[in-house]
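Enquirer: Have a look at the structure that comes next, please.
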Amino acid sequence: MGMAARLTRRSINAFFDNYHSFTSVAALLVFPVSVSILLSQALVPYSAPVLEIISLRLSLLFQAARFPEFFTLVNVKLAQTVFSFVTTLPLVLTFLLLAKASIIHVVCNGVRRKVSPPPLSSSLPLYRSILPTHLFNSFVLLSAHAAVFVILFVVFNAADALGISSSTSLLCLSAAAAVLYSVVVANATVICNLATVVAAMDNCSGFLPVLKACLLIRGRVMTALGLALPANLGMAAVEALFQYRVVRQYNLRGEFSSSLLWETFSIAYLHALLLVLEVIMNCMFFKSCKVDWHDRHGEPETRGGEDYSGGLMDWEKV
């Protein structure tokens, strides 16, 4: 956790060193994505038919797998996640990935711009690597969810076959399942976030950045999780603030006043800044992993895929 705190401080310092660049990226590229994310969550009550269809399919799947009633909560959350993912996907694949390419270009290449962000032309080569990697990351996260549910399917059916059906036993199994689900998804998420930076910096795409990220993150998983915690908690707090200050006020008043509109823009911009800070943290973690990698293997630090070749060979032997 000490290393995570140091990297967090370095990330904040990097943010203020290039304050004008990062705030411009947040306003021009990340802001539309933040608005779409917040609005997609606000539209959940008005999209009941769609959510009911998704929730019903998941509910039938969980019932067929003999999951306990505890997973109805997971069912609702998964339905909302799927809805938000689909509605924000076009903006994520364009604006957000372009923003990530610009931020990675500034942080990892040591570009210092006090006035304006780097031109998009300089970030397009990075975007071409990030886009297929992001799509593959989505597949990895989907596979992580599926793998956990397969394990839980085996565990709960084995418990049913052994006659373990008491409420206390099912509650303990459900709690263990929730912990397992959280750990697996959290690890997959930090690996995918690191893979995005690897793809941009090593000019590779697809599954290779994920393999390199797995090699880099070995022995540093707790640091990665500790580093991801502040930004994710901050974004969760901002999303809750949006629900309380904007959605709740709109439902009470029944109208969208100018003050409410200004508050919407302020909260969305704060959410965009946190997204920018999260990418900066991933860049700092990548640089820290690279330094640690070269210290352990005694190799000169180079760009491209050469500096991972030995590690990939070792990984293949395992």
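Coordinate-derived values only; no laboratory data. All values derive from a computational prediction rather than experimental measurement. No Cβ is skipped: glycine too gets one built from the backbone with ideal geometry, and neighbour counts run over all protein chains shown.
Enquirer: Can you give the FRET efficiency to the nearest 0.05 for ALA147 and SER259, using r as the Cβ-Cβ distance and R₀ = 51 Å? Intermediate results must be reported in sequence, preceding the final value.
Expert: Numbers: r = 47 Å, r/R0 = 0.93.
Computed FRET efficiency for ALA147 and SER259: 0.60.
Enquirer: Provide the gained length on full extension for the span LEU56 to TYR244, in nm with one decimal, where the gain is 0.36 nm per separating residue minus the Cα-Cα distance.
Expert: Residue separation times 0.36 nm, minus the Cα-Cα distance, leaves 64.9 nm.
Enquirer: For ILE12 paired with LEU124, estimate the spin-label separation in nm (one decimal), with each label point 7 Å from Cα along the Cα-to-Cβ line.
Expert: About 3.8 nm, to one decimal.
Enquirer: Further question on the same structure: Applying the Karplus parametrisation 6.51 cos²θ - 1.76 cosθ + 1.60 with θ = phi - 60° to the phi angles of the range 262-268, what ³J(HN,Hα) value in whole Hz is obtained for each residue in order, glycine and proline being reported as x?
Expert: Karplus-based 3J(HN,Hα) across the range 262-268 equals 4, 5, 4, 4, 5, 5, 5 Hz.
Enquirer: Ranked highest first by the average count of other Cβ atoms within 10 Å around their residues, in what order do 31-42, 222-233, 5-16 fall? Provide the component values of the computation, followed by the final result.
Expert: On the way: 31-42: 20.5, 222-233: 18.2, 5-16: 16.0.
The densest-packed peptide leads the list: 31-42, 222-233, 5-16.
Enquirer: Assuming R0 = 45 Å, can you tell me the calculated FRET efficiency for the pair VAL155 and ALA5, based on Cβ-Cβ distance, to the nearest 0.05? Before the final figure, lay out each step's value.
Expert: On the way: r = 36 Å, r/R0 = 0.80.
Once the sixth-power term is evaluated, E becomes 0.80.
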